[in-house]
Amino acid sequence: MKQIKKALIPAAGLGTRFLPATKALAKEMLPIIDIPTLQYQVKEAVDSGIEEIILIISEAKEDIKKHFARNEEYEQYLIEKGKPEYAECIKNIATMAKISYVYQYEQKGLGHAVLCAKEAVGDEPFVIILGDDLIINENGLPVSKQMIDIYNETGCSVIGCQQVAPENVNKYGIMALKGELNNRRAILKDMVEKPDLDKAPSRLACLGRYLLTPGIFKELENTKPGKGGEIQLTDAIKSLALKEDVIVYDFIGRRYDVGDKYGFVEATIDFALKRDDMKDKVLAHIKELLENK
């Protein structure tokens, strides 16, 4: 059984929900305080034992490459200015992982983005980490590592899911299971895209993490474009599940939807409250706001 060595992070989207900021700045480079959201996704992959990270970008996302590239001149400048800790910080970003790039020249959906990376992935199982979903499992395994462990045990593709509130069911791909969850996992029966609550087979929603066997590429090649001419990864996974077991996994971790403005603010506040250099000031400000309300 081949080991999981590669992770895909699709980052070619236009980020229209964050306009006008994303007119000139990649959505994935918007920071939670001082760290771009994409850097958290890369770190999750590294902490999960991934050896190579493949970023799927567009020609408009060259700032992403600049962020992860080594800049020794800038490092030296920071050292000379008496800021060696900053020099070490930006060096660590550039050396934290082996990163390669694949271009998606047309916006044809998530399935199309993954298919663009077929040659880079090769005949190997791989992880997909979606940038809009920031998942933190403090003092525990990263969600990608949790899924890799399941693959190592079963050899099956894995979809990372969690229960969502009833009013949010119609925003996600919802899982239909063969049987009940056992040890936080079950075999996938079907996926229903954004169903009304009364038609939803469960409240288990796919939340931005996939581990897929290389058979997914054949399914993607045979998946017909849907609405807007997009190739849906969901459709390809459903086809794959007809040929091999796909595991639905209720992962452990706190998920933030940083592709949503409120979710982004929520993550920023929570992360600030975890930082020793900020938490007291942020708490004092929140208390002041509540007292003056």
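The values are calculated or read from the model by the stated rules, or taken from the named source; none is laboratory data. Values in this document were obtained by computation on a predicted structure and should not be read as measured data. Note that each Cβ is placed from the backbone with ideal geometry, even for glycine, and that neighbours are counted across all protein chains shown. Side chains included, ligands, DNA and RNA excluded: accessible areas come from the protein's heavy atoms. Shrake-Rupley method; radii C 1.70, N 1.55, O 1.52, S 1.80 Å.
Angle check, please: helix 261-273 long axis (alpha carbons) against the longest principal axis of the chain (alpha carbons), in degrees 0 to 90, nearest 10.
The angle comes out near 50 degrees.
Leaving ligands and nucleic acids out of the surface, order Arg254, Arg209 by accessible area at 1.4 Å, largest first.
Heavy-atom accessible area, descending, gives Arg254, Arg209.
Which of [x] 165; [y] 116; [z] 141 is the computed volume of the Cα convex hull per residue in Å³ for the structure on display?
Here volume of the Cα convex hull per residue in Å³ agrees with entry [x].
Rounded to two decimals, what is Rg over Rh for segment 112-173 when you use alpha-carbon atoms and the Kirkwood radius?
Using Cα coordinates only, the ratio equals 1.01.
Residues of segment 150-293: accessible area per residue at 1.4 Å, in Å²?
Accessible area per residue, segment 150-293: 55 Å².
Nearest 10 degrees, 0 to 90: what angle lies between the long axis of helix 37-47 and the longest principal axis of the chain (Cα atoms)?
Rounded to the nearest ten degrees, it is 70.
With springs connecting C-alpha atoms under 10 Å apart, model the chain as a Gaussian network and identify which of Lys238, Lys261, Lys189 has the largest mean-square fluctuation.
The residue with the greatest mean-square fluctuation here is Lys261.
On the protein heavy atoms, probe 1.4 angstrom, tell me the percent of accessible surface of segment 133-287 carried by carbon and sulfur.
Percent of accessible area from carbon and sulfur atoms in segment 133-287: 49.
Can you give the relative contact order of the chain as a percent, counting alpha carbon pairs under 8 Å and 6+ residues apart?
Relative contact order for the chain comes out at 21 percent.
How big is the dipole moment of segment 1-117 about its Cα centre under a simple scheme where the beta carbon of each Lys and Arg is +1, that of each Asp and Glu is -1, and everything else is neutral? Debye, nearest 20, please.
It comes to approximately 400 debye.
When the solvent-accessible surface of protein heavy atoms is calculated with a 1.4 angstrom probe, in what order do Leu212, Leu283 fall, highest first?
Ranked from most to least accessible, the order is Leu283, Leu212.
So, by mean Cβ neighbours within 10 angstrom, what's the order for 240-252, 76-88, 172-184 with the highest one leading?
Going from most to least packed, we get 240-252, 172-184, 76-88.
Over segment 52-113, what percent of the accessible surface lies on carbon and sulfur atoms, probe 1.4 Å?
Solvent-exposed carbon and sulfur of segment 52-113 make up 49 percent of the total.
Rounded to the nearest 0.05, what FRET efficiency do Leu14 and Lys171 give with R0 = 25 Å and r taken as the Cβ-Cβ distance? Could you check?
It comes out at approximately 0.85.
Looking only at segment 17-132, where both bridge partners belong to it, what percent of the DSSP beta bridges are antiparallel (to the nearest 5)?
Given both bridge residues lie in segment 17-132, the antiparallel proportion sits at roughly 25 percent.
Work out the length of the dipole vector of the chain about its Cα centre, built from +1 on the beta-carbon of each Lys and Arg and -1 on the beta-carbon of each Asp and Glu, and round it to the nearest 20 debye.
Approximately 440 debye in magnitude.
Lys91: which lysines have alpha carbons under 17 Å from its alpha carbon, excluding same-chain residues fewer than 8 sequence positions away?
Partners within reach: Lys43, Lys65, Lys66, Lys81, Lys83.
Only Cα pairs under 8 Å and at least 6 apart count here; give the relative contact order of segment 148-293 as a rounded whole percent.
Relative CO of segment 148-293 lands at 26 percent.
Before anything else, pin down the relative contact order of segment 1-152: Cα pairs under 8 Å, at least 6 apart, normalised by residue count, whole percent.
That works out to 37 percent.
Going by alpha carbons, how many degrees (0 to 90, nearest 10) lie between the helix axis of 143-154 and the longest principal axis of the chain?
Its long axis makes an angle of about 30 degrees.
If the cut-off is a Cα-Cα distance under 17 Å, which lysines reach Lys61, setting aside same-chain residues fewer than 8 apart in sequence?
List returned: Lys23, Lys27, Lys108.
Work out how much length Cys89 to Glu72 would gain on full extension: take 0.36 nm times their residue separation and subtract the Cα-Cα distance, in nm to one decimal.
Gain on extension, Cys89 to Glu72, equals 4.9 nm.
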